[in-house]
Amino acid sequence: MHELVRENGYLTVFLTVVVSGELGLFVGVALAHAGSVTLTGVVTVGTFAAFLSNTLYYCAGAFLWSRWGYLKRRFEEKVASTSTTVKRVGLPLMIPARFLYGVRNIVPLVLGIYRANILAFAFFNLVGSFVWVCAFAGMGRVILPGIVKVLGGS
């Protein structure tokens, strides 16, 4: 398994960012520390994965919300509580929302439901994704050497 992850480092980063967010970035930083990938590659792949995830949530809101009862049942309460803030702040909310676990998936969904301008959404989504990836990859880069030292690794 270890070799599979090392040989497919960028795919591992992409999938773990899509599925688990910050953990994926920390995995990417660890892979970069081990020499399997580059930190620049982690930032690039992580930004793309975060951007794609948010875009899929936007599309789910725009095209599936009214047709798919599961989405409504699963997210209706969160959507209702987020709607006021989204209406008040608008698309720039994509940047800070990226840092709020649990909210970062709801904001693009709500923006899709309200059919926010897709080009403006894409811009703020890209900026928010990049800033988020840089922040967490940077944090991982700072704390990883200390963790390795504590665990007795090289």
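The values are calculated or read from the model by the stated rules, or taken from the named source; none is laboratory data. Keep in mind it's a predicted model, so treat the numbers as computed, not measured. Don't worry about glycine lacking a Cβ; one is built from the backbone with ideal geometry, like all the others, and counts go over all protein chains shown.
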Going through the stretch 44-64 one residue at a time, which ones are β-branched (Val, Ile, Thr) and either touching a Phe, Trp or Tyr at 6+ places or on another chain (Cβ under 7 Å) or modelled with pLDDT under 95 (or both)?
45, 47
When you go through 36, 66 one by one, which is the residue that is outside any helix (DSSP H, G or I) and touching a helix residue (DSSP H, G or I) at 6+ places or on another chain (Cβ under 8 Å)?
36
Is it the case that the stretch 146-153 has a residue that's at pLDDT below 90 and in contact with a helix residue (DSSP H, G or I) (Cβ under 8 Å, 6 or more places away or on another chain)?
yes
Suppose we filter the stretch 96-129 for residues that are part of a helix (DSSP H, G or I) and either on the phi > 0 side of the Ramachandran plot or surrounded by 17 or more Cβ atoms within 10 Å (Cβ to Cβ) (or both); how many remain?
15
Could you please find all residues in the stretch 73-88 being loosely packed, with under 14 Cβ neighbours inside 10 Å and either basic (Lys, Arg) or within 16 Å of residue 122 (Cα to Cα) (or both)?
73, 74, 87, 88
Hey, residue 7 over 23 Å from residue 108 (Cα atoms) and at pLDDT below 85 or not:
yes
So which pairs qualify, if the first residue must be in the stretch 76-90 and under 12 Å from residue 116 (Cα atoms) and free of Cβ contacts under 8 Å to residues at least 60 places away in the same chain, the second must be in a helix (DSSP H, G or I) and hydrophobic (A, V, I, L, M, F, W, C), the Cβ gap must be under 7 Å, and the two must be at least 6 apart or on different chains?
86/93; 86/107; 86/110; 86/111
Only one residue in 133, 142, 45 is in a helix (DSSP H, G or I), without any contact (Cβ under 8 Å) to a residue 12 or more places away in the chain and closer than 15 Å to residue 25 by Cα. Which one?
142
